[in-house]
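One structure is given here, and the rest of the page talks about it.
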Amino acid sequence: MRHNKKFNHLGRKSAHRKAMLANMASSLIMHKRISTTVAKAKALRMYVEPLITKSKNDTTHSRRTVFSYLKDKYAVAELFREVAEKVATRPGGYTRILKTGTRLGDNADMCIIELVDFNTTYVKEEAKPAAKKTRRAGGAKAKKDEVKSEAPKAVEKTDAPEANTETNTDEKSE
């Protein structure tokens, strides 16, 4: 019987499962959100949240421990540099799973798993009050009337040089 066995094997051998979770965790850390199935997202959440907790304590030992799980030095650097800085005050719950429906081919439940503090939609940011703009009532109307009244003027070409100079001087005076 399967009592009290909470780890999902995801239908894979242990080496394949560990490699897949390490790759997904690296992608989540680098891109801040990934799309996957709900079962994989729940397994990934259990895999990555302890790593984020370890990254709050920036020591050589914790970096080596996290690297043994992720196996990607760029993801480890990103985790300790950016992610740990943002989640320093959060006591846990670093990821969010948003269900997106089912996959077209096999009807699998799909979701987006993301790091909570990196989604600008849900994070409250201080909104700067917009500067008031004062308008003059007649300013816009007057400009529109000037634009409509101005029509492109055609220049007549004649053989006489005196006629050309007169039309050019007329245009310059206006």
When the charge dipole of segment 29-94 is computed with +1 on Lys and Arg Cβ and -1 on Asp and Glu Cβ about the Cα centre, the Cα farthest towards its positive end, among P50, V38, V76, belongs to V38
Check: C-alpha center segment 52-109 vs C-alpha center segment 1-51, spacing in Å is 11
Honestly segment 1-103 on the Cα gyration tensor test (a ≥ b ≥ c root eigenvalues; a/c under 1.5 rounded, otherwise a/b vs b/c for prolate or oblate) is just prolate
With I112 itself left out, Lys, Arg at +1 and Asp, Glu at -1 over residues whose Cβ is under 10 Å from its Cβ give +2
Per its Cα gyration tensor (rounded if a/c is under 1.5, else prolate when a/b beats b/c, else oblate), segment 5-61 is best filed as prolate
A correct fewest-to-most ranking of Y94, Y74 by other Cβ atoms within 10 Å would be Y74, Y94
Given pairs K13/K86; K5/K86; K13/K56; K6/K40; K18/K73 and cut-off 25 Å on Cα-Cα distance, the over-length ones are K13/K86; K5/K86; K13/K56
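FYI, it's all coordinate maths here, none of it is from the lab. Predicted model, so just to flag it, every value in this text is computed and none were measured. Positions of Cβ are backbone-derived with ideal geometry, glycine not excepted, and every protein chain shown enters the neighbour counts.
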